[in-house]
Amino acid sequence: GESVGLHLPTLSVQEGDNSIINCAYSNSASDYFIWYKQESGKGPQFIIDIRSNMDKRQGQRVTVLLNKTVKHLSLQIAATQPGDSAVYFCAEMYSSASKIIFGSGTRLSIRP
Amino acid sequence: EAGVAQSPRYKIIEKRQSVAFWCNPISGHATLYWYQQILGQGPKLLIQFQNNGVVDDSQLPKDRFSAERLKGVDSTLKIQPAKLEDSAVYLCASGGLAGGVETQYFGPGTRLLVL
């Protein structure tokens, strides 16, 4: 069946260090992947996306890596800040259908 | 640009009561989604609209949940009667094209507690 899962439910990092959040997906037909950030009491916020014809995409302080061979997705956050504290979801999408399937999330906490 | 608006933000009801949620999408977005997010889980799609037509409602428990988007703009989601397991955050999202792919923008959600 379809599933998007995350390796770790919680991640604690030192402020200023880099954070790496991992995600596994099961459907090789998915052609579009998205990372969302969800702060307490808010809806998910788009961070960065990547198409299946790419293996890396960089944004501001964030990088997404896609390894289609092992169906693995990761989000790297450089110089983690207190404002990065949130739950991070990876999601896969069938772009032709606009249907997103979310994973269960990783909570990122920042140690001062 | 205004974001997706939802109301109410919080609702507490007793089981077997009815409840309705309202969503106003981003202006010009044709696609509207309702998701259910149970605590500790990712959002699960309930229903997807394209303008005022339903595209996907395969995950909507139709015996108790209903949704409409009569004029192709704002939408309501109703639960009647509510069960304890319906306690969750109900998220509305609207979709707009960015780089050839539709990106979903989420509202703040309505947190429902069924007692």
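For chain B, averaging the sequence separation of C-alpha pairs within contact (under 8 Å, six or more residues apart) and dividing by the residue count gives a relative contact order of 36 percent.
Normalised by 2.2 N^0.38 Å, where N is the number of residues, the alpha-carbon radius of gyration of the protein assembly as shown equals 1.02. Heavy-atom accessible area buried between chains A and B is around 1500 Å² (1.4 Å probe, both sides summed).
When the Cα positions of A:Phe89, A:Val62, A:Ser12 are compared along the charge dipole of the stretch A:4-111, A:Phe89 comes out farthest toward the positive end, with charges on each C-beta of Lys, Arg, Asp and Glu. Descending by average beta-carbon neighbour count within 10 Å, the peptides B:55-62, A:54-61 line up as B:55-62, A:54-61, the highest first. Ignoring solvent entirely, what values of log10 I(q)/I(0) come out of the Debye formula for the stretch B:5-108 at 0.18, 0.19 Å⁻¹ when each Cα is a single scatterer? Reported log10 I(q)/I(0), two decimals: -0.84, -0.93.
Label-to-label distance, B:Gln50 versus B:Leu97, with points set 7 angstrom from Cα along the beta-carbon direction: 1.3 nm.
Across all directions, the average projected area of the convex hull around the alpha carbons of the stretch B:65-115 is 4.5 nm². Among the residues of the stretch B:27-43, those with an accessible-area drop of 10 Å² or more from chain alone to full protein complex, heavy atoms and 1.4 Å probe, are B:Tyr33, B:Tyr35, B:Gln37, B:Gly40, B:Gln41, B:Gly42, B:Pro43. With both labels modelled 7 Å from their Cα along Cα-to-Cβ, the A:Ser85 to B:Lys71 distance reads 4.3 nm.
For the stretch B:15-31, 3J(HN,Hα) computed residue by residue from phi via the Karplus equation (6.51, -1.76, 1.60; θ = phi - 60°) reads 4, 6, 7, 10, 8, 9, 10, 10, 9, 10, x, 5, 4, x, 7, 7, 9 Hz, glycine and proline entered as x. Note on B:Ala2 and A:Gln58: their simple-model spin labels are 3.9 nm apart, each label 7 Å out from Cα toward Cβ.
Accessible surface ranking for B:Ile12, A:Ile101, A:Ile34, 1.4 angstrom probe, highest first: B:Ile12, A:Ile101, A:Ile34. Think of each Lys and Arg Cβ as +1 and each Asp and Glu Cβ as -1; about the Cα centre, that makes the dipole of chain A roughly 60 debye.
The spacing between the stretch A:44-74 and the stretch B:44-108, judged by their C-alpha centroids, is 26 Å. Across every pair of non-identical alpha carbons in chain A, the mean reciprocal distance, once inverted, gives a Kirkwood radius of 14.0 Å. Taking the 1.4 Å solvent-accessible surface of the protein assembly as shown as the whole, the part contributed by carbon and sulfur is 49%.
Surface exposure of chain B, expressed per residue as accessible area with a 1.4 Å probe, stands at 49 Å².
The values are calculated or read from the model by the stated rules, or taken from the named source; none is laboratory data. Remember, predicted model here, so these are calculated numbers, not experimental data. Please note: Cβ atoms are built from the backbone with ideal geometry, for glycine as well, and neighbour counts cover all protein chains shown. Accessible surface areas use protein heavy atoms only, side chains included; no ligands, DNA or RNA. Shrake-Rupley method; radii C 1.70, N 1.55, O 1.52, S 1.80 Å.
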